[in-house]
Amino acid sequence: MPPSASKSKSNSVIAVEELRRLIFEGELPAGSDHLEGELAERLGMSRTPVREAALTLAGQGLLEVRARKGVRILPVSVQDMAEIYEVLTELESMAAFKAAAKNYGAADLMVLEKTILDMETALAVEDRDAWAAADDEFHTELVRLSGNSRVIEIVARMGDQVRRAKAVTLHMRPLPLQSYKDHREVLDAIRAGDAKRAHDVHYAHREAAKTVLLALLHQNRLYML
């Protein structure tokens, strides 16, 4: 592969990461329009990797590429989030069931335990951003423990939209104390090998999270239909 092609690919990856960060942190707010040249200058690179990154992020539902008009950062779609949470609720609850049925030992569950401790520490000082990062890691690890590569792949594809919706509403919601308790109960059920309880607790947790998220999106008009 020619050096220029390798560099272009590398820059495209960097552009995807940087644009995603700017969207998630609100520096490129929902509904805003941006020319390709503007974004390229902001990232300190040529237009080609920015164009490639925009197409990637469009495929992930974060922005819309418009001919000769640059990109528009998309609001969160309530319909998309409702559908995504329906899928996540089923798949993650199944993952919890399968993880509990595998009779994992303490060493296997160390990462899951650490995420819960990190959530507890974050909530004690009301650090919502740290809580959100630990919460994301909990869900990722829970799905990994299912051992089902297809479930892992499907859930990962939905990750960006879920994280973005959570980031938008993170400082509007009550402190997520119940969420932490739910995670602890799921871990306890997995440790005990109680697959049904692990499934049921996580299912109820995801349903409650969906209700809170969709209500906040509606109340604050942070969405598109």
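The values are calculated or read from the model by the stated rules, or taken from the named source; none is laboratory data. Predicted model only: the values in this text are computed from it and were never measured. Cβ coordinates were reconstructed from backbone atoms using ideal geometry, including for glycine residues, and neighbour counts include every protein chain displayed. Note: areas computed on protein heavy atoms with side chains; ligands, DNA, RNA excluded. Shrake-Rupley method; radii C 1.70, N 1.55, O 1.52, S 1.80 Å.
Data overview
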quantity: SER149, sole failed condition from (1) surrounded by fewer than 17 Cβ atoms within 10 Å (Cβ to Cβ); (2) touching a strand residue (DSSP E or B) at 6+ places or on another chain (Cβ under 8 Å); calculated: (2)
quantity: Set THR169, THR211: member being closer than 15 Å to MET81 by Cβ and open to solvent by less than 20 Å² (accessible area, probe 1.4 Å); calculated: THR169
quantity: Count of residues meeting criterion [hydrophobic (A, V, I, L, M, F, W, C) and open to solvent by 40 Å² or more (accessible area, probe 1.4 Å)] in the stretch 111-129; calculated: 4
quantity: Failed item in (1) assigned to a helix (DSSP H, G or I); (2) surrounded by 13 or more Cβ atoms within 10 Å (Cβ to Cβ); (3) modelled with pLDDT of 90 or more, with GLY37 passing the rest; calculated: (2)
quantity: Lone unmet requirement of (1) more than 20 Å from GLU86 (Cβ to Cβ); (2) assigned to a helix (DSSP H, G or I) for VAL201; calculated: (1)
quantity: Leading residue by the ranking (modelled with the highest pLDDT) among those in the stretch 164-183 that are farther than 14 Å from ASP136 by Cβ and in a loop (DSSP other than H, G, I, E, B); calculated: LEU175
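Residues are listed down the side, and each one gets a yes or a no for (1) open to solvent by 60 Å² or more (accessible area, probe 1.4 Å); (2) at pLDDT 90 or above; (3) under 24 Å from the mean Cα position of the chain (by Cα); (4) farther than 27 Å from LEU214 by Cα:
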| residue | (1), (2), (3), (4) |
| --- | --- |
| LYS9 | yes, no, no, yes |
| LEU22 | no, no, yes, no |
| LEU28 | no, no, yes, no |
| SER32 | no, no, yes, no |
| VAL71 | no, yes, yes, no |
